[in-house]
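Novice: I have a structure I would like to understand better, so I am pasting it below and will then ask my questions one at a time.
The values are calculated or read from the model by the stated rules, or taken from the named source; none is laboratory data. Predicted, not measured: the structure shown is a model, and the values here were computed from it. Neighbour counts run over all protein chains shown; Cβ positions are idealised from the backbone, glycine included. Surface accessibility is based on the protein's heavy atoms, side chains included, excluding ligands, DNA and RNA. Shrake-Rupley method; radii C 1.70, N 1.55, O 1.52, S 1.80 Å.
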Amino acid sequence: MSRRGTLTRERVIAAAAAVADRSGLAGVSMRSVGGELGVEGMSLYHHVSSKDDLLDALAEWAIAKIDLPPRDAPWREAMETRARSARAVFVAHPWSIAMIESRPAPSAALLTHHDRVLGWLFAAGFTAPLATLAFSTVDAFVYGFALSETNLPFPPSPGAEAEFAATVSPDPGAYPNLSRSLTELLSRGDYTYPSEFDNGLTLILDAIQAQLDATRVA
């Protein structure tokens, strides 16, 4: 069997993801993906109809990697699991942050994903406006945190924040608040930027729970 004959749509999409991981979405083309697979770019048209089709498939590939708990999972547990999984996907594949929600034609995987999230919230007694607010607020935090995390000017390793702070070394006279913040945070010894994700997520979910409780009382 020829090498082209071993191609599948799944292999093409996985190769496109590998190119995007290495070079960003701008690096994804029929030629570059074909090169990743060791074939001519024209061979890919047996499996994807166009570059837009390939990008749509990439978005679907990314959303499918985010863990979705069962339909009957408690809303808070489900939202926490989904948020942590989404962050992991976005950090591993930074191009996906801007990709998943941006395609003109939402995929079945994306629609299923959104329907599942709303299902957890509705089952817990959320109204449509509160469910929409909760969904968008959690997603804004997850997307924003992952975007910041993937663009930090230091590597995600123990002690990296302290080394970076020592390099920047803001003048306490000119920047007293920034200097105090860095000093207090780093004096803890266990502070890392990524560790703040769970703390921030807890704050948001606590606020959402308070809103839910208020609607029940009303």
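Novice: For Phe145, indicate whether it is open to solvent by less than 80 Å² (accessible area, probe 1.4 Å) and in contact (Cβ under 8 Å) with a residue 12 or more places away in the chain.
Specialist: yes
Novice: In the range 151-208, which residues are of a type in the set (Phe, Trp, Tyr) and open to solvent by 70 Å² or more (accessible area, probe 1.4 Å)?
Specialist: Phe164, Tyr175
Novice: Residues being part of a helix (DSSP H, G or I) and closer than 29 Å to Ala210 by Cα: count how many of those fall in the range 98-122.
Specialist: Adding up the residues that qualify gives 13.
Here's the yes/no breakdown for (1) among the polar types (S, T, N, Q); (2) in contact (Cβ under 8 Å) with a residue 12 or more places away in the chain; (3) surrounded by 20 or more Cβ atoms within 10 Å (Cβ to Cβ):
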| residue | (1), (2), (3) |
| --- | --- |
| Leu25 | no, yes, no |
| Ser50 | yes, no, no |
| Leu54 | no, yes, yes |
| Ala62 | no, yes, yes |
| Ala83 | no, yes, yes |
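Novice: Among the residues of the range 181-209, write down those that are among the charged types (D, E, K, R) and within 23 Å of the chain's Cα centre (by Cα).
Specialist: Glu196, Asp198, Asp206
Novice: Mind counting the residues in the range 126-180 that are farther than 30 Å from His113 by Cα and part of a helix (DSSP H, G or I)?
Specialist: 14
Novice: Here is a follow-up. I need the full set of residues from the range 1-23 which are surrounded by 18 or more Cβ atoms within 10 Å (Cβ to Cβ), at pLDDT 95 or above and more than 21 Å from the chain's Cα centre (by Cα), in order please.
Specialist: Val12
Novice: Show the residue pairs that are 6+ apart or on different chains and have beta-carbon atoms under 7 Å apart, the first residue being within the range 115-134 and under 14 Å from Arg76 (Cα atoms), the second being small (Gly, Ala, Ser) and surrounded by 13 or more Cβ atoms within 10 Å (Cβ to Cβ).
Specialist: Within 7 Å, the pairs are Leu118/Ala131; Trp120/Ala73; Trp120/Ala78; Leu121/Ala131; Leu121/Ala134; Phe122/Ala131; Phe126/Ala134.
Novice: With modelled with pLDDT of 90 or more and open to solvent by 20 Å² or more (accessible area, probe 1.4 Å) as the only criterion, which of Phe126, Phe122 stands out?
Specialist: Selected residue: Phe122, the only one of Phe126, Phe122 that is modelled with pLDDT of 90 or more and open to solvent by 20 Å² or more (accessible area, probe 1.4 Å).
Novice: Still on this structure: Based on what the data block shows, is Arg87 open to solvent by less than 50 Å² (accessible area, probe 1.4 Å) and basic (Lys, Arg)?
Specialist: yes
Novice: Go through the range 42-54 and report how many residues are over 12 Å from Ala15 (Cα atoms) and part of a helix (DSSP H, G or I).
Specialist: The qualifying residues number 7.
Novice: Condition check: open to solvent by 50 Å² or more (accessible area, probe 1.4 Å) and either under 18 Å from the mean Cα position of the chain (by Cα) or of a type outside the set (Asp, Glu) (or both). Does Leu37 satisfy that?
Specialist: Here the answer is no, as Leu37 does not meet what is asked.
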